Structures are given as C-alpha cells and as structure tokens.
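Everything on this sheet refers to the single structure shown next.
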Amino acid sequence: MSLDLACLDNVGAVHSPVLDIGALKGNPEGHQPWRLFGTATVRPNAASGQYQISTTCGANELSTDFTVVAPPPR
C-alpha cells in the first residue's frame, strides 16, 4: 500500500500491527517538504479484518483504519 503523510512538525515512527512499513521520504526535488511518501506491505500472516495505522505529528496523534481482505481462492 502507498503512504502519503502531511505534517508541518516532527513526524514520529509509523506503526501498525500487520504492516511492514518502509522509510518515509520527501519529494526528491524538495517540493512540499512537509509531505512524505512511503510504502507498506501487509504481513503474510495477517488475518482478514480492520486495523489501524498511526504516527505522531508533533504532539498530535494521526491514525486511520484500513481493511485486510483474504486473497481469492486458487
């Protein structure tokens, strides 16, 4: 999944119980330095269901929910 985060303060580590989260990076040309991008991969052992991904922006907690769905049967 793609991550897109906007923060005008210090960003904390990004956490989720079922994601392996890559490093967040800014635009290589320096545009919008407060906007960071990254990727995350759902862990193979993650059960279907709703989960949360969260971080901090300064003193504020940022979070959102996402859903892991079962792969189609083979």
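The values are calculated or read from the model by the stated rules, or taken from the named source; none is laboratory data. Just so you know, these numbers come straight off a predicted model, no measurement behind them. In this analysis, Cβ positions are derived from the backbone assuming ideal geometry, glycine residues included, and neighbour counts consider all displayed protein chains.
Values as computed for the structure displayed
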| item | result |
| --- | --- |
| In the stretch 36-47, the residues that are within 20 Å of Pro71 (Cβ to Cβ), in a strand (DSSP E or B) and not polar (S, T, N, Q) | Ala40, Val42 |
| Residue within the stretch 24-35 that is of a type in the set (A, V, I, L, M, F, W, C) and not in a loop (DSSP other than H, G, I, E, B) present | no |
| Test: residue in the stretch 48-62 that is at pLDDT 95 or above, surrounded by 14 or more Cβ atoms within 10 Å (Cβ to Cβ), of a type in the set (S, T, N, Q) and in a loop (DSSP other than H, G, I, E, B) | no |
| Restricting the stretch 17-36 to residues that are without any contact (Cβ under 8 Å) to a residue 40 or more places away in the chain and surrounded by 15 or more Cβ atoms within 10 Å (Cβ to Cβ), the residue that is nearest to Gln52 (Cα to Cα) | Leu19 |
